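Reviewing the structure listed below.
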Amino acid sequence: MGSVAPKTAVTNVRVFDGRRLLAPDTVVIEAGRISAGPRGARVIDGEGGVLLPGLIDAHVHLHGRHTLEQLASFGVTTALDMACAPPELVNSLRAVPGLTDIRSAGTPAIAPGSPHSHIPVVGPRGLITGADQARQFVADRVAEGSDYIKIIVGNPAPSHDQATLDALAAAAREHGKLSVAQASSQAAVEMAQRAGVSVLTHVPLDQPLNKAAAADAVAAGRVLIPTLAMMEGIVQQSAPPGRDYAAARASVTVMYHAGVPILAGTDANAEAGGPAMISHGSSLHHELELLADAGLTAVDALRAATSRPARYFGLGDRGVIEPGRRADLVLIDGDPLRDITATRSIRRVWCGGAEVQPSHQFAP
Ligand SMILES: [Zn+2]
């Protein structure tokens, strides 16, 4: 899948610059990067389409090479894995030309008896029983190549005690790594925030986050990856009592209006027996629609899947279209600032300059 193309000029495209659509112009792809001069390039007529930076899904689960191929075919050219083991699997799939670029938490920190402790490979590897094991846990992950540290705070009820969470977040900070807390209940979010984690992922289905929770996140510079696709999937696929998608949606509305940066992530996974299966790639387009439905402007929804995750996860070579950046590009029809569903009209995809075959097989 994918081949390194000769220098290519995509003409007559409107570029999303992170704020608006610019007048039709030419974007040049050369040696995997966006370059400035079209001289000598083969020409592809963009026919007035819109060119977006390659999309970033800030919460997926990696199962193998096929995961990355599927993501790329839907224009998701970067994915942040939020739990995967063993580390050899992730490391063998890093920086493969023409494939979605993967970053990974590797093994997450899991409490004994929690649902995650029963997941094969990940469960036993990630088990930690107290605060005294936190530093070693984080050091082991860093040694394995984890890009950030994932902590299962609650699923949905809190599992680790506060001291363990505090120690994990502190150890991640000492290593200069972001800590990402899985927190899908009120109580779990409170504990994660008290521990000082960098990133919250999921949103409660029990009751919406309130203004105080949002103010805590803003004060700490914390970001949120709500994974609305997953929260909706849980309610639709397993319908647990006392859970309501409306709480998840309302949480995003409150956090967004308070100024908490929202990143688009889906929790895409193919784990039979998990809370909900979410299709890789197509689900990110649905996430953008759910974020817009929760109150994000179309511009903010697009930023949530481009420049914003690039910025918060330190991916300085992508997320915007300008010379020198990776040639991660999605050519679509229609105007996504007027109608966010236009991102589904994928015409062409480039992943690190290699053109890949787009898919139109959107999950229902
Ligand atoms: Zn997940």
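The values are calculated or read from the model by the stated rules, or taken from the named source; none is laboratory data. If you're wondering where the values come from, they're calculated on a predicted model, not measured in any experiment. Note: ideal-geometry Cβ built from the backbone for every residue, glycine included; neighbour counts use all protein chains shown. When the accessible area is computed, the model is the full protein with side chains, heavy atoms only, and any ligands, DNA or RNA have been set aside. Shrake-Rupley method; radii C 1.70, N 1.55, O 1.52, S 1.80 Å.
Summary of values
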item: Segment 191-324: radius of gyration over Cα atoms, expressed as a fraction of 2.2 N^0.38 Å; result: 1.05
item: Linear extension gain, Asp300 paired with Ala31, 0.36 nm per residue minus alpha-carbon span; result: 93.8 nm
item: Label zone at Asp244 (point 7 Å along Cα-to-Cβ), backbone N below 13 Å, segment 196-228; result: 205-209
item: Sulfur and carbon atoms: percent of accessible area, segment 225-364 [1.4 Å]; result: 50
item: Extended-chain gain in nm, criterion 0.36 nm per residue less alpha-carbon gap, His257 and Gln357; result: 32.2 nm
item: Cα-derived Rg over Rh, computed across the chain with Rh taken as Kirkwood radius; result: 0.97
item: For segment 1-69 and segment 289-359, distance of Cα centres in Å; result: 10
item: Length released on extending from Asp293 to Glu322, taking residue separation times 0.36 nm less the Cα-Cα span; result: 7.5 nm
item: Expected-Rg normalisation [2.2 N^0.38 Å, Cα atoms] applied to segment 37-110; result: 1.38
item: Dipole of segment 253-314 [Lys/Arg +1, Asp/Glu -1 at C-beta], most positive-end residue of Pro275, Pro261, His286; result: Pro261
item: Computed over segment 249-320, the ratio Rg/Rh where both radii use C-alpha atoms and Rh is Kirkwood; result: 1.00
item: Directionally averaged shadow of segment 287-364, computed from the convex hull of its alpha-carbon atoms, nm²; result: 5.8
